[in-house]
Every structure is written in C-alpha cells, then in structure tokens.
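Report on the following structure.
The values are calculated or read from the model by the stated rules, or taken from the named source; none is laboratory data. The shown structure was predicted, so the numbers you read here are calculated from the model rather than taken from an experiment. Ideal geometry is used to build each Cβ from the backbone, glycine not excepted, and the neighbour counts take in all protein chains shown.
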Amino acid sequence: MPTSEWTMTIGEIVSSFSRFGEVKVRIETDTPERFFSLDQVCIRPSAGSATLMEVEGVRFHKGQALLKMRGVSSIDQAEQLRGSLVQVKEEDAVALSDHEFFVHDLVGCEVVTDTGRTLGNITQVLSGKANDVYVVGQGKGEILLPAIKQVITTVDIHAKRITVSLIPGLLPDEAEEA
C-alpha cells in the first residue's frame, strides 16, 4: 500500500519503552485522544522508506503516547524506529474550527504587516502554554510573533499569506524605525 497519502504528523518516536516493543511518542497534535482510534499508522524515518503498521495498543505515560505495533516485539526493534514520524492520512485529520490551522499549512506562509511591509515567511510554529508563536525568518533576523488576535489579523491559507498588526516590541529593528 502506498504511503504518499500519509502526510499528517501526529507524533515522533523518541525512544523504545518496555521489553515488549512499545515505542514512546512525543505527541504533536492538540487532540492526543485521537491515538485511541488509530488502527494503522505510517512510520516515516528520516532516512529510508516509510512503512504502514497496524496499531495493537495505545496508552499514555507522562504526557506521551505509548504505541504497540504489530511486528515490533522487542526493545531492539522498537529502538530502530527512534526519530521516525508517526503519520496518518490527511483525510483522517481532526476537524478544525474556523480559526484553527495545521502547522504544516502555516509554515511557508508569507507574513506582511497591515501597512504592507513584508516580514518574511513562517519557518516554524512553537507551541506555548498561553499561545503558539510563529517564527518568521531565521538567524539574527528571526521575528517571533505571538499567535493572538491582537497580532494575527488575517490568515489566508489558500494564498499562503498572513497579515499582522504589530504591537511595540515585536520587531528587532524597531529602534531604527522610531
């Protein structure tokens, strides 16, 4: 079965767990309970081929998911999966509300101010307790924008464009503009 449709990352395998071949998964979804409904996942290593695997069991431990997959029955087999992404089909993605977006849809979006200044493209989305933070650019020119309604005014996923209203202190070069 082809794995090209399995592109929605819901976690990353960070280690083996138990002598029976369970893997510990860092959860990368806002709905961790979705792990309980998994029958099959795509395990996508950073190098090599992706593999579809049947899920035999799921439980949670210290904020991470523990997955037991058919054919993985030892620590050594589980350890070989370390660093692999756990993915589902995009059609199986959890439905989002109107003002929610998948991280993979946000990354690459062009960010412009409400005055027309282009700030760059989103390179990463950081999850925080209070709100997410959109990382625009890289290195010394990196800008961190809190994903709050006072800053993020419009998100057009189809046009890959996000409009922001800047509040004082967000830009590294603000002193030069004043």
Among the residues of the range 35-43, is there at least one that is surrounded by 12 or more Cβ atoms within 10 Å (Cβ to Cβ) and charged (D, E, K, R)?
-> no
With respect to residue 65, determine if the residue is of a type in the set (Gly, Ala, Ser), touching a helix residue (DSSP H, G or I) at 6+ places or on another chain (Cβ under 9 Å) and at pLDDT 95 or above.
-> yes
Is there any pair linking a residue in the range 53-79 that is under 20 Å from residue 39 (Cβ atoms) to one that is among the aromatic types (Phe, Trp, Tyr) and surrounded by fewer than 13 Cβ atoms within 10 Å (Cβ to Cβ), with Cβ under 9 Å and at least six apart or on different chains, and which?
-> 58/36
2 or more residues closer than 23 Å to residue 10 by Cβ and modelled with pLDDT of 95 or more: qualifying strands (runs of 3 or more DSSP E) within the range 100-178 = none
Within the range 62-118, the count of residues that are surrounded by 13 or more Cβ atoms within 10 Å (Cβ to Cβ), in contact with an Asp or Glu (Cβ under 9 Å, 6 or more places away or on another chain) and more than 24 Å from residue 45 (Cα to Cα) comes to 1
Looking only at the range 84-93, decide whether some residue is of a type in the set (Gly, Ala, Ser), outside the structural domain of residue 118 (by TED's automatic domain parsing) and over 14 Å from the mean Cα position of the chain (by Cα).
-> no
Looking at residue 20, is it without any contact (Cβ under 8 Å) to a residue 40 or more places away in the chain and not assigned by TED's automatic domain parsing to the domain that holds residue 125?
-> no
